[in-house]
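The next block holds one structure in the form of structure tokens; read it before the comments.
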Amino acid sequence: EYLCHVYVRSDGLAGVVIADNEYPQRVCFTLLDKVLEEFSRQVSRIDWPSGSPGTISYTALDGYLSKYQVQPPPR
């Protein structure tokens with residue numbers, strides 16, 4: 001029922017989207033590309049390996065997830 005979409009960039013930064021099989025694959029990778037690009041601009045590369053939610057603040061993720069979330073049709 002679900003697919004795991006993984007994108008690993010050449011700089012070692014990676015992201016994962018888990019979506020149902022009806023969610024378009026291209027959209028998953030567009031989301032991953034945008035999130036990883038913005039994250040890499042906002043967070044110093046030196047913090048990537050040792051960072052945690054307690055030490056890295058990346059608030060844009062919630063906005064991206066909300067924007068790319070597909071709402072089911074009304075019944």
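With the whole protein complex present, Ser66 retains an accessible surface near 80 Å², based on a 1.4 Å probe. For segment 2-69, the fraction of 1.4 Å probe accessible surface lying on carbon and sulfur atoms is 52 percent. Rolling a 1.4 angstrom probe over the protein heavy atoms with all chains in place gives the chain an accessible area of 78 Å² per residue. Which FRET efficiency value, to the nearest 0.05, do you get for Leu13 and Lys67 by plugging their Cβ-Cβ distance into 1/(1 + (r/R0)^6) with R0 = 30 Å? According to the calculation, E is roughly 0.90.
For Arg45, what is the net charge nearby, where nearby means another residue's Cβ is under 15 Å from its Cβ and Lys, Arg count +1, Asp, Glu -1? Around Arg45, the charge tally is -2. Other residues within the sphere of radius under 13 Å centred on the Cβ of Leu32, judged by their own Cβ, net out at 0 (K and R +1, D and E -1). What does the charge add up to near Ser57, with Lys and Arg as +1, Asp and Glu as -1, over the other residues with Cβ less than 14 Å from its Cβ? That works out to -2. For the chain, the relative contact order comes to 23 percent (Cα pairs under 8 Å, sequence separation of at least 6).
The values are calculated or read from the model by the stated rules, or taken from the named source; none is laboratory data. All values reported here derive from a predicted model rather than from experimental measurement. So basically every Cβ, Gly included, is an ideal-geometry build from the backbone, and we count neighbours across all protein chains shown. Each accessible area value is taken on the protein alone, full model and side chains, heavy atoms only, with ligands, DNA and RNA left out. Shrake-Rupley method; radii C 1.70, N 1.55, O 1.52, S 1.80 Å.
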